[in-house]
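Structure record follows, encoded as structure tokens.
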């Protein structure tokens, strides 16, 4: 390949693994209490709420559709990278659309259900991904209808959190992560808040992986967010999270004040607030999941941010060791690092194992 691109320092493999593993851990923690009220969570687990993995989908450490779709987001980014070995291309939305259709195939009821082809790559062949784990109705409906949305031509008016919860890997894209994540979210979620929240999260991941604190990155990403028409709901939610993080407070009640997380700006605000408030990874993700609402998505957002900022070693080993699909998540993170990280040899190109895992189609 040509000379390596200029990649910001600090983007080590630990950051990439931290982001993807951290998001999956937050997802798996929240899965057991999604839909439960804070009072119900405390009644079940004690006054401090959930403190560890609890059974979901018949096991401990099971992931949901949030992590499944995040992995397919990463797949889209890697396939586009491989296409760029051959030609200059910015067709991320097309790669994202096809990746999400492959995810739909794994759900067992997609209109494209069929045997995997050679050019489908590696991810769809991971049998543990072929499990229905609470997929969002907006994602399912948009993909089944067969017309990808764009920010300029929305497919619906949804601002559900199914767009923002899956885009953290786009934060490692060297060029314009805000736009990349916005396009990926807009494929299924047409309201500006639905995809601008995704753009904000990806840019924040980009900033913290490059060495900024979460607070510094949040402010920088907010400047970019405010440049976009329709930003007001997302900006207000981010500003509320920032203000609460700087005030004397009872953190769990402040999470409740930010909403339930079913819509994009609330999920983003809760995940951001929990990450800003965190003394360490464990405290942050536990704060993010102990609330009344979409605990797996808010846990995934907080875990992605904290993992990108702190690295893989910050995640408690007891959670990583029991995490479903851990080896697959690590492999995808390592492949992303090979393309977008610091201190990694470049992908050897066509014919390599990485190329065969993510063929450029």
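Residue by residue, here is whether (1) in a helix (DSSP H, G or I); (2) farther than 24 Å from residue 322 by Cα; (3) at pLDDT below 95 holds:
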residue: 6; (1), (2), (3): no, yes, yes
residue: 20; (1), (2), (3): yes, no, no
residue: 27; (1), (2), (3): yes, no, no
residue: 33; (1), (2), (3): no, no, no
residue: 36; (1), (2), (3): no, no, no
residue: 51; (1), (2), (3): no, no, no
residue: 54; (1), (2), (3): no, no, no
residue: 89; (1), (2), (3): no, yes, yes
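In the range 245-262, which residue that is outside any helix (DSSP H, G or I) and more than 18 Å from residue 37 (Cβ to Cβ) is nearest to the chain's Cα centre (by Cα)?
If we filter the range 245-262 for residues that are outside any helix (DSSP H, G or I), which is where we start, we get 246-250, 258-262.
The next check asks that each one be more than 18 Å from residue 37 (Cβ to Cβ); those that pass are 246-249.
Values: 246: 25, 247: 28, 248: 30, 249: 28 Å.
Checking each candidate, the answer is 246.
Taken as a whole, the condition of being assigned to a helix (DSSP H, G or I) and at pLDDT 95 or above applies to residue 242.
With respect to being in a helix (DSSP H, G or I) and surrounded by fewer than 22 Cβ atoms within 10 Å (Cβ to Cβ), residue 133 falls outside the description.
Kindly indicate the residue of the range 159-184 that is free of Cβ contacts under 8 Å to residues at least 60 places away in the same chain and in a helix (DSSP H, G or I) and also surrounded by the most Cβ atoms within 10 Å (Cβ to Cβ) among those meeting that condition. Filtering the range 159-184 for residues that are free of Cβ contacts under 8 Å to residues at least 60 places away in the same chain and in a helix (DSSP H, G or I), the one surrounded by the most Cβ atoms within 10 Å (Cβ to Cβ) comes out as 181.
The values are calculated or read from the model by the stated rules, or taken from the named source; none is laboratory data. Since the model is a prediction, treat every value here as computed from it, not as a measurement. Note that each Cβ is placed from the backbone with ideal geometry, even for glycine, and that neighbours are counted across all protein chains shown.
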